[in-house]
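Trainee: Starting off with a structure, shown below.
The values are calculated or read from the model by the stated rules, or taken from the named source; none is laboratory data. Computed from a predicted model, the values in this text were never measured in an experiment. Here the Cβ positions follow ideal geometry from the backbone for every residue, glycine too, while neighbour counts run over all protein chains shown.
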């Protein structure tokens, strides 16, 4: 099977086709895995998140007519309160809710959003400025601390929510509010005399502005996003100048380096991923959007280097990123601890945003393989099967101390996973005028326009539990186009048939996609078979925590051992090198899932006695390992968990 090496030259130089994602509302999950998750998000997650926003006094910040209430989140030793960022959380909730409204209108949810919008309209400053913290508490300090206070980050999430709500309902009120806010930002920031030459340390507004540009087509929205990307990391640092104006010494910055915000050097000069994981991947997503729209090869070259560094030295086997809680991000190459992993849910989702955008520019399964890994593992583990409990950190090992929570002091992750799952249909397909790319596999129906002609693609499959996928095409008339099918990197023996005729994959596969070009007819069927043997994965020798250990993967799913199945801590397990796995479907496991079992060994502590140490090794006893998909862990009783198991030679 042909796999091209990574192309460090911008694909624009080859006049490569740029793929546009299919609107998520045109992709309907019909049964199975992702339908169950979207149903949960619609029926449970979105309503309960609104309740949490009320109970935790997030929505109270919108009571602009009243004096500010006591802080719901006190000022921390750093001088910050999580309340600085509340606007972003209900902005993301509106976005997630709007994605589901696009499938099915809900008067109650719309009324709640309309109430928030009305309050934002009342509070917005005459010049367009909109940030609840500064308007109500410190109006004189607005735009004085872009390094720490997330002003434009919060506005960016409000803008994304406004765009999503407009696209779902055609209601303009929220969008008009945010257009006015963007106009205000344009008057304040830029290279012209009299403007601030700054940018928000937490990238996000850049992403929102690119979405706005695609909605409005107005060049000023594109140029503002370009300015924020281009200005980041220019020296002397704007953040130093800003700190001095506040009477502070820049050397006292708590994180010591602006690499924390990817502002230590211009973005095109950055070759290694550093700093805060969410900030980094939001920024890289915006850079990819900008490269897509402007065909800027310098951005593409930088992104390719950053992608190569992240995936070869910083990526957890689950798709999680960011190993340290100290900076919510990256430390050194190959530093991937398990029990103390940070691997924030938001970071995995933001990585998904980035890699999906890379694939629109250059159709390459290197990107969409990571997207799939994230979707089934590192992001999905952030939400419980009940749809209303969450993880912020997604560790790969626990002694039982990690439990899911109903809400968090800084609840950025719940609304992020909600908007990701709600919009997941938009990651399944993308298209050009004469091609459609299939990135993810799920039982679904998609309505796609190719050269202004409708094409419906129906997927029938039990994926991810089974790799037998049938795609049927429904067209009004025959049509010439290409179907690009991702052949996952985890699959060594894929096969394809078109209308029962076998296709030689080595002849048609480029960069991990099988390219099927022909005149397609109504009723044509593509059958893609992706065998899913259980495999063992080993970490690079420099990942010291995983030396002598093995991870288990079947298809797109990473598995783990949980005390709930073993009856003892999984840290006692030893997995024989030759043990064979059996896969079986457990209908009663959290909605149904494939579980893996095999013969294993475990340290027996029954005759150890009361001493902490002994001159003799613990006796090993025979046992059975039962492994479950990683995303399902911590949904049952309290207990330990391990992804990387110790292997017995």
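Trainee: Going through region 622-637 one residue at a time, which ones are modelled with pLDDT of 95 or more and either in the same structural domain as residue 379 (by TED's automatic domain parsing) or surrounded by fewer than 14 Cβ atoms within 10 Å (Cβ to Cβ) (or both)? Give the steps one after another, and end with the answer.
Mentor: Initially, region 622-637 is screened for residues modelled with pLDDT of 95 or more, giving 622-636.
Those that are modelled with pLDDT of 95 or more and either in the same structural domain as residue 379 (by TED's automatic domain parsing) or surrounded by fewer than 14 Cβ atoms within 10 Å (Cβ to Cβ) (or both): 622, 624.
Trainee: What are the residues in region 254-268 that are within 24 Å of residue 287 (Cβ to Cβ) and assigned to a loop (DSSP other than H, G, I, E, B), if any? Outline the logic, then answer.
Mentor: Of the residues in region 254-268, the ones within 24 Å of residue 287 (Cβ to Cβ) are 255, 257-268.
Across region 254-268, the qualifying residues are 255, 257, 262, 263, 264, 265, 266.
Every residue, every condition in (1) surrounded by fewer than 22 Cβ atoms within 10 Å (Cβ to Cβ); (2) in contact with a strand residue (DSSP E or B) (Cβ under 7 Å, 6 or more places away or on another chain), yes or no:
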{"position": "411", "(1), (2)": "no, no"}
{"position": "423", "(1), (2)": "no, no"}
{"position": "441", "(1), (2)": "no, yes"}
{"position": "452", "(1), (2)": "yes, no"}
{"position": "455", "(1), (2)": "yes, yes"}
{"position": "462", "(1), (2)": "yes, no"}
{"position": "468", "(1), (2)": "yes, yes"}
{"position": "473", "(1), (2)": "yes, yes"}
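Trainee: Now for a separate question. Please go through region 69-115 and give me each residue that is closer than 19 Å to residue 41 by Cβ, in contact with a helix residue (DSSP H, G or I) (Cβ under 7 Å, 6 or more places away or on another chain) and not in a helix (DSSP H, G or I), ordered by number.
Mentor: 102, 103
Trainee: For residue 88, only one of the following conditions fails: (1) crowded, with 22+ Cβ neighbours inside 10 Å; (2) under 21 Å from the mean Cα position of the chain (by Cα); (3) over 16 Å from residue 135 (Cα atoms). What is its number?
Mentor: Result: residue 88 passes all but (3).
Trainee: Ok, one more. Inside region 321-360, can you point out the residues that are part of a helix (DSSP H, G or I) and within 16 Å of residue 393 (Cα to Cα)?
Mentor: Going residue by residue through region 321-360, those that are part of a helix (DSSP H, G or I) are 345-360.
Residues satisfying the conditions are 345, 346, 347, 348, 349, 350, 351.
Trainee: OK, next. Are any of the residues in region 605-618 assigned to a strand (DSSP E or B) and outside the structural domain of residue 317 (by TED's automatic domain parsing)? Give the steps one after another, and end with the answer.
Mentor: Start the filter on region 605-618 by keeping residues that are assigned to a strand (DSSP E or B), which leaves none.
Looking through region 605-618, none of the residues is assigned to a strand (DSSP E or B) and outside the structural domain of residue 317 (by TED's automatic domain parsing).
Trainee: Further question: Tell me whether region 579-592 contains one or more residues that are more than 25 Å from residue 34 (Cα to Cα) and either free of Cβ contacts under 8 Å to residues at least 40 places away in the same chain or assigned by TED's automatic domain parsing to the domain that holds residue 483 (or both).
Mentor: Applying the first criterion (more than 25 Å from residue 34 (Cα to Cα)) to region 579-592 yields 579-581.
Then keep just the ones that are either free of Cβ contacts under 8 Å to residues at least 40 places away in the same chain or assigned by TED's automatic domain parsing to the domain that holds residue 483 (or both); that gives 580.
Yes.
Trainee: Which residue, of 365, 261, 323, 312, is under 29 Å from residue 630 (Cβ atoms), modelled with pLDDT of 95 or more and touching a strand residue (DSSP E or B) at 6+ places or on another chain (Cβ under 7 Å)?
Mentor: Working: 261 fails: under 29 Å from residue 630 (Cβ atoms); 323 fails: touching a strand residue (DSSP E or B) at 6+ places or on another chain (Cβ under 7 Å); 312 fails: touching a strand residue (DSSP E or B) at 6+ places or on another chain (Cβ under 7 Å).
Just one listed residue meets the conditions, 365.
Trainee: If residue 53 meets every condition in (1) touching a strand residue (DSSP E or B) at 6+ places or on another chain (Cβ under 7 Å); (2) closer than 22 Å to residue 158 by Cα apart from one, which number is that one?
Mentor: (1)
Trainee: State whether the residues of region 198-211 include one that is within 18 Å of residue 227 (Cβ to Cβ), in a strand (DSSP E or B) and either touching a strand residue (DSSP E or B) at 6+ places or on another chain (Cβ under 7 Å) or touching a residue at least 24 places away in the same chain (Cβ under 8 Å) (or both).
Mentor: Initial filter on region 198-211 (within 18 Å of residue 227 (Cβ to Cβ)): 198-211.
When the remaining residues are screened for being in a strand (DSSP E or B), the result is none.
Among the residues of region 198-211, not one is within 18 Å of residue 227 (Cβ to Cβ), in a strand (DSSP E or B) and either touching a strand residue (DSSP E or B) at 6+ places or on another chain (Cβ under 7 Å) or touching a residue at least 24 places away in the same chain (Cβ under 8 Å) (or both), which makes the answer no.
Trainee: Filter region 120-151 for residues that are part of a helix (DSSP H, G or I) and free of Cβ contacts under 8 Å to residues at least 60 places away in the same chain and give the result. Write out each step before concluding.
Mentor: Restricting attention to region 120-151, the residues satisfying the condition of being part of a helix (DSSP H, G or I) are 120-123, 132-136, 139-141, 151.
Those that are part of a helix (DSSP H, G or I) and free of Cβ contacts under 8 Å to residues at least 60 places away in the same chain: 120, 121, 122, 134, 139, 140, 141, 151.
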